[in-house]
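One structure is given below, encoded as structure tokens.
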Amino acid sequence: MKTPVYTKDWGKAVKEIVKICSAENGIQIPQEVKNPVMRSVLLIPRFSDSAGIEQVRREFDPAYEKVKPHITLVFPFSSVFTSMQVRDAVVSCMAGISPFCLTLSDVIVKGSFLFLLPVEGKDIVIKMFRSLYNGLFSPYIPHILLQEEFIPHMTIGTCTEESAQVRLAAARSMLGKYTAFIDTVSVEIIGDNSQSIIESEIPLIV
């Protein structure tokens with residue numbers, strides 16, 4: 001790899017390193033790109049009644065006011081891709097996947113999180129996840145997902161080892177079965193203070 005010229009301007013140095021690494025990997029970076037952007041790719045179900053989910057998240061999820069209830073397909077990653085490059089990649093990966101029904105009902109504890117799991121539509125979510133990480137986003141797959149199987153889920157809260165069982169029981173008592181028709185994939189920019197900003201929405205084609 002070519003060695004960047006020494007500079008006291010760290011912003012300039014980072015941009016130079018990104019430019020060199022991208023060139024060596026055949027990635028074209030438009031001139032207008034200034035800084036890396038943190039993004040993720042999501043499913044945002046629109047339930048007819050999500051009061052139970054909102055109640056649990058309000059009590060147990062620190063991100064309640066920052067992001068809507070969602071299922072993550074591509075986990076947060078930082079890149080200099082343009083919005084169009086990301087959108088085109090998602091469109092390409094979603095080819096052949098039609099709108100579908102998603103039903104969630106099971107609640108589990110996974111590490112320090114409460115997960116609401118799909119009981120219908122799970123296989124399609126896994127297919128979407130695999131397709132996206134076989135494309136443009138393959139270098140950004142979290143290391144843990146190279147070791148463990150991906151579990152489609154909606155994060156509805158956090159917990160400690162001590163509070164896990166109490167919060168799990170509370171969540172199960174407040175939640176029922178939730179069904180949504182999924183016809184859109186969303187690209188999210190993670191802004192200041194982890195605030196979610198929807199950058200684009202890609203429709204699934206029938």
Query raised in the report: Roughly how big is segment 52-109's charge dipole about its Cα centre, with Cβ charges of +1 (Lys, Arg) and -1 (Asp, Glu), in debye to the nearest 20?
Result: 140
Report summary line: With every protein chain kept in place and a 1.4 Å probe, segment 76-129 has an accessible area per residue in Å² of 42
Report task. Give the Rg/Rh ratio for segment 152-206, taking Rg as the radius of gyration of the Cα atoms and Rh as the Kirkwood radius, to two decimals. Result -> 1.10
Query raised in the report: What is segment 97-164's relative contact order, in percent, from Cα pairs under 8 angstrom and six or more apart in sequence?
Result: 38
Query - residue 157 long-range amide H proximity, modeled H, under 5 Å - result: 114
Query raised in the report: Between residue 35 and residue 123, what length comes free when the chain is fully extended (0.36 nm per residue of separation minus the Cα-Cα distance, one decimal in nm)?
Result: 28.1 nm
Query raised in the report: Packing-wise, with mean Cβ within 10 Å as the measure, how do 75-86, 150-161 rank, highest first?
Result: 150-161, 75-86
Report summary line: Expected field for residue 119, accessible surface area in Å² at 1.4 Å probe radius, rounded to 10, holds 80
Query raised in the report: Taking θ as phi - 60°, what are the ³J(HN,Hα) couplings along segment 135-143 by the Karplus curve (6.51, -1.76, 1.60), each to the nearest whole Hz, with x for Gly and Pro?
Result: x, 4, 8, 4, x, 9, 5, x, 4
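The values are calculated or read from the model by the stated rules, or taken from the named source; none is laboratory data. No experiment lies behind these values; they were computed from the predicted model shown. Positions of Cβ are generated from backbone atoms using ideal geometry, with glycine treated the same way; all protein chains shown enter the neighbour counts. Each accessible area value is taken on the protein alone, full model and side chains, heavy atoms only, with ligands, DNA and RNA left out. Shrake-Rupley method; radii C 1.70, N 1.55, O 1.52, S 1.80 Å.
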